[in-house]
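Some notes on the structure that comes next.
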Amino acid sequence: MIKELLTHNEFKHKPPVLVDVGASGALHTSWKMLAPYAICIAFDADERETQFVESTTAGYRRLYVFNKLVAESTHDTPFYLTKSPYCSSRLKPNQQELKHWAFSELFDIEKSVTMQATSVNEALNVLGLDYIDWFKTDSQGTDLRIFNSLPSLLRQKIAIAEFEPGIINAYEKEDFLFEVLRYMAQEPFWLMRMTPRGTQRISRSSMKQYFPNFIDRLYDFRYVLEESTAWAELTYMNTYAQEESFDKREYLLGCAIALSLKQYGFAIDLARQALTSYHDEVFEKALMYALSRMRRKIPLIYAHKVFNKIRRLFHGSV
């Protein structure tokens, strides 16, 4: 069903555009179904001067990788290279706050350089594009300001947006979780998922004194000490409440994304909304597909109730 939606003629000259700020190099798990039909624009900050690299062999219809730091506008900015490349940022790590956490050494600054930042808007201009369908950012402290730098009309038609804001003040002047939540509450999006992430609350000095063998084995250390929440992964979907702003293509993509993320209830609502304006049987098919995926789970309710009853009887007789 998802393939049928994404191979619709509406996408022939306007394929889905996926933007990945702070790309890790791997194909985003949630993009696997969309990737073969989509253009991906990825930003991976390094010290090369290459404007962008184009590829058609990375699982996407087309992939453009900009080897540049992303900011709200094009300008020179300091960039702090840390022990872990995943913690490098144009914001300076807040060592005073980080010293209380097990992963603090990952933020140790190894080098500070000056880099020319680009903006998402500039990259779109270079590629001759004027829209984004899926916006994903993990910019180490600047997610909200980058999203807010997008033109309002473009931003409000994004189908889905992902952020990874901090909670513990790991960077100086970073965009916090509560700021993203407050901002997005005023935008036409609903919060589909929020996944807390974290590390252990133990000072660097205590870690070195009592658990030195785990300093480079933080994944294993979570079995020794329970993690505390330090940041969160947020996924927002457009509400499509401003019906007159969306065309047939955008409804097709919204249905495809909702189905790919198993948001069948929202897919049903979108398909019904689309059918009021577009009499295309593909929306009927999407609606029936979503209904079938939900209805097939109804028997599991009764199976679950029977299982619980048997378990209570068994434990009651012991």
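Every read-out reported here was derived from the displayed coordinates using simple, explicitly stated rules and does not represent laboratory data. A quick note: this is a predicted structure, and the numbers were derived from the prediction, not measured. Please note: Cβ atoms are built from the backbone with ideal geometry, for glycine as well, and neighbour counts cover all protein chains shown.
Here are the numbers for the structure shown:
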{"quantity": "Within-13-Å neighbourhood charge of Thr239 [Cβ basis; K, R +1; D, E -1]", "calculated": "-3"}
{"quantity": "Around Ile41: net Lys/Arg minus Asp/Glu count, Cβ-Cβ under 10 Å", "calculated": "0"}
{"quantity": "Summed side-chain charge close to Ser205 - residues other than Ser205 whose Cβ falls under 12 Å, Lys, Arg +1, Asp, Glu -1", "calculated": "+2"}
{"quantity": "Integer Hz, Karplus 6.51/-1.76/1.60 couplings in order for the stretch 68-75, x for Gly and Pro", "calculated": "9, 6, 9, 9, 6, 8, 7, 6"}
{"quantity": "Long-range amide H partners of Cys40 with built H, under 5 Å", "calculated": "Leu18, Arg62, Leu63, Tyr64"}
{"quantity": "Three-way shape call for the chain based on the alpha-carbon gyration tensor, with the a/c threshold at 1.5", "calculated": "oblate"}
{"quantity": "Placed amide H near Met192: partners under 5 Å, 5+ positions off or other chain", "calculated": "Thr235, Tyr236, Met237"}
{"quantity": "Estimated 222 nm signal from helices in the chain, with DSSP H stretches of n ≥ 4 weighted -39500 (n - 2.57), rounded to 500", "calculated": "-9500 deg cm²/dmol"}
